[in-house]
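Below: the structure, in structure tokens.
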Amino acid sequence: MNYLKKHKKFIIIYTILIIISLSLIIFTYHNHSFYKETIAKVTSTKEEYISTDTITYGYHEDIYMQELKAIILNGSDKGKTITINNEYHQGQAYDQKYNINDEIFISLNKKDNQIKNAHIEGYKRDKYIVILITSFILVIILVGHIKGFLSIISVILNIIIFNCFIYLNTKGISLPLLSFLGAIIFSIISLTLVSGINKKTLSAIISSIGGLLATMLITLIVINITKYEGIRFEQMDLLTRPYEGIYISEIILGGLGAIMDISISISSALNELIEKNNKITIKALTKSGIAIGKDIMSTMINVLFFTYICGIIPNLTIYFRNGVEINSLISEYISLEMSRALIGAIGITITIPIAIGITILIYKRRLNND
């Protein structure tokens, strides 16, 4: 009972959010009339094997043909049953297999107001997207309360700002410059909203910017010394602009989350130590900061490594399956991701002493006064 009284406002707000979320989910299950595109629901499926196709690197993939029966859910043809043929590859990289109760966008070919045939345009995913987003919001707020809500606000703001910077890049402004400025803004928004306006936040922001600046300088120095030797850009071969700017931007933004995490963790921990004992020495603070940094460093470096490597798992699967040697994979396909991860790891490591130094500098006067 005491818990309910203490958290009455939060429980009411959370209940309202649950009601809104359920309402949105129910709406997406019955919003067909709001779409201009024709939507149909698959009621039955039949499929048969057609052939086996040989694709890249000699990999063989089976091809199937589905005969779908579907009922139209909106428009002037609502309620009519149609038959659609759908060809798909086993891997479903560029096409898709459909199942009973799937809802799909279709285009209809008519003659004399009669449906002659139909073609699938895509999968109706809005209900799954809404379920995922509402689940994310509810879990974040349930765990983090007001800070969770502010975290969501910071993510939304960062997405808007990120899109603005991408737009500015299309107008000719340097992408690495925009990425660095964006990283500074992302740090300020995220850390301020979550931790408030105080010395701890100021320390974390300055430390994050310092860590990013150090990472960027190291990247530029390494690039100028090596001239990109050993780094293969085959994964960017579809881009129509220089790879270098995009590569640097990926390093800056890719390591931002880990750098902010380390900065706020060290800043918060040292702030807590000072709150508990305002007579603690700078030497003791430094020693504690280094110990905390070592514990965080290993985790953050692994997070960065797996984040980058996960992006090439589909390619690695195909290459291994077709007998490509590990040496070729490392030199030709993994070198780009590994270089990003290694440079990001260096940035994370450098951020630790920067965060310790900035935090102690900000709190130094207070320690001296006490």
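A short reminder: the numbers here are calculations on the coordinates, not readings from a lab. Keep in mind that what you see is a predicted model, and the values were worked out from it rather than measured. A quick note on method: Cβ atoms are made from the backbone with ideal geometry, for glycine too, and the neighbour counts reach across all protein chains shown.
Available extension along the chain between Ile146 and Ala291 is 49.2 nm, counting 0.36 nm per residue and deducting the alpha carbon span.
Report, in listed order, any pair from Lys78/Lys124; Lys69/Lys124; Lys80/Lys110; Lys199/Lys276; Lys199/Lys294 with a Cα-Cα distance greater than 19 Å. In this structure, Lys199/Lys294 exceed 19 Å between Cα atoms. For Asp102, nonlocal amide neighbours, meaning residues 5 or more places apart or on other chains whose placed amide H falls under 5 Å from its own, are Val42. On the basis of the beta-carbon distance and an R0 of 35 Å, Ile153 and Asn109 show a calculated FRET efficiency of 0.15. When +1 charges are put on Lys and Arg Cβ atoms and -1 charges on Asp and Glu Cβ atoms, the dipole computed for region 51-171 relative to its Cα centre reaches about 600 debye.
Near Glu121, the amide H atoms lying under 5 Å from its own belong to Phe105, Ile106, Ser107; only residues 5 or more places off or on other chains count, and H is placed 1.01 Å from N. Which FRET efficiency, nearest 0.05, do Asn224 and His119 yield, Cβ-Cβ r, R0 56 Å? E between Asn224 and His119, to the nearest 0.05, is 0.60.
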